[in-house]
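Take a look at the structure set out below.
The values are calculated or read from the model by the stated rules, or taken from the named source; none is laboratory data. All values derive from a computational prediction rather than experimental measurement. Here the Cβ is made from the backbone with ideal geometry for all residues, glycine too, and neighbour counts use every protein chain on show. In case anyone asks, the SASA skips ligands and DNA or RNA and just uses the protein heavy atoms, side chains included. Shrake-Rupley method; radii C 1.70, N 1.55, O 1.52, S 1.80 Å.
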Amino acid sequence: MTDLWVFGYGSLIWQPGFAFEERRKARLAGYHRALCIRSYVHRGTPERPGLVFGLDRGGSCIGMAFRVTPEAGEAVLAYLRERELVTNVYREQHLPVVLADGRRVRAVTFVADRGHPQYAGRLDPAEAATIVGGAHGRSGANVDYVRSSFAEIAALGLTDRWLEAVVARL
């Protein structure tokens with residue numbers, strides 16, 4: 001029985017939805033945060049999809065790592081799978097992350113499946129803002145999701161010029 005680490009890079013940063021023992025800034029190598037997933041459930045519908053974050057290949061991503069006790073691990077994984085794997089646009093992976101204090105841990109995270117029909121790829125900021133501005137899903141307005149995520153990313157001290165351009169157009 002060991003602790004479970006969960007890596008959050010989008011809404012998990014500001015709304016994990018599960019109890020945790022420790023929260024640390026962390027870096028994941030090999031993937032970057034991107035607004036590259038068309039949301040058919042939480043932030044849009046199949047008729048009017050929204051956009052949500054995914055981890056896409058290349059670069060690196062700074063996010064938050066959450067430590068969960070062994071006793072809570074199974075329930076947290078079940079919750080995350082229900083939340084993140086609604087349409088299977090993400091692949092669950094256990095990847096190495098480096099915590100801000102230098103520790104290296106393996107964390108469960110959800111990586112974009114580039115072969116999935118909901119994968120949007122890289123969009124121009126104006127196109128992304130238009131999509132986000134008109135979408136609403138089970139979890140609320142797409143605009144609220146993007147603005148809240150942007151605020152938390154900025155609070156981590158991170159700069160993302162592409163995301164800034166999207167938010168400026170909302």
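Looking at the structure I just gave you, is Arg106 under 21 Å from Asp144 (Cβ atoms) and among the basic types (Lys, Arg)?
no
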Problem - Elements of type strands (runs of 3 or more DSSP E) in region 1-108, at least 1 residues being without any contact (Cβ under 8 Å) to a residue 40 or more places away in the chain and more than 24 Å from Ala155 (Cβ to Cβ) - result: 50-68, 90-99
Handout entry: Positions within region 97-147 being among the hydroxyl-bearing types (Ser, Thr, Tyr) and farther than 19 Å from Gly44 by Cα, in sequence order
Key = Thr109
Completion exercise
Taking region 65-115 and the residues there that are among the polar types (S, T, N, Q) and open to solvent by less than 50 Å² (accessible area, probe 1.4 Å), the one that is nearest to the chain's Cα centre (by Cα) would be Thr109
Problem - Hits in region 23-58 - residues which are within 24 Å of Gly102 (Cβ to Cβ) and either of a type in the set (Lys, Arg) or open to solvent by less than 30 Å² (accessible area, probe 1.4 Å) (or both) - result: Arg23, Arg24, Lys25, Ala26, Arg27, Leu28, Arg33, Leu55
Practice task
Starting from region 144-170, keep only residues that are within 13 Å of Cys61 (Cβ to Cβ), then list their pairs with residues that are among the acidic types (Asp, Glu) and open to solvent by 30 Å² or more (accessible area, probe 1.4 Å) whose Cβ atoms are within a distance under 7 Å, requiring at least 6 positions of separation or different chains.
Solution key: Ile153/Asp160
Exercise for the section: Restrict the check to region 10-20 and report whether at least one residue is open to solvent by 20 Å² or more (accessible area, probe 1.4 Å), in contact with a helix residue (DSSP H, G or I) (Cβ under 9 Å, 6 or more places away or on another chain) and either basic (Lys, Arg) or farther than 17 Å from Ser139 by Cβ (or both). Expected result: yes
Handout entry: Members of region 112-170 found to be small (Gly, Ala, Ser) and under 14 Å from Arg33 (Cα atoms), listed by number
Key = Ala112, Ala120, Gly121, Ser149, Ala154
Exercise for the section: State which residue is farthest from Phe66 (Cα to Cα) when the search covers only region 5-14 and only residues that are touching a Gly at 6+ places or on another chain (Cβ under 9 Å) and not hydroxyl-bearing (Ser, Thr, Tyr). Expected result: Gly10
Completion exercise
In region 21-46, anything in contact with a helix residue (DSSP H, G or I) (Cβ under 7 Å, 6 or more places away or on another chain) and either under 24 Å from Gly73 (Cβ atoms) or among the aliphatic types (A, V, I, L, M) (or both) is listed as Leu35
Handout entry: region 116-170: number of residues that are part of a loop (DSSP other than H, G, I, E, B), over 18 Å from Gly8 (Cα atoms) and open to solvent by less than 40 Å² (accessible area, probe 1.4 Å)
Key = 7
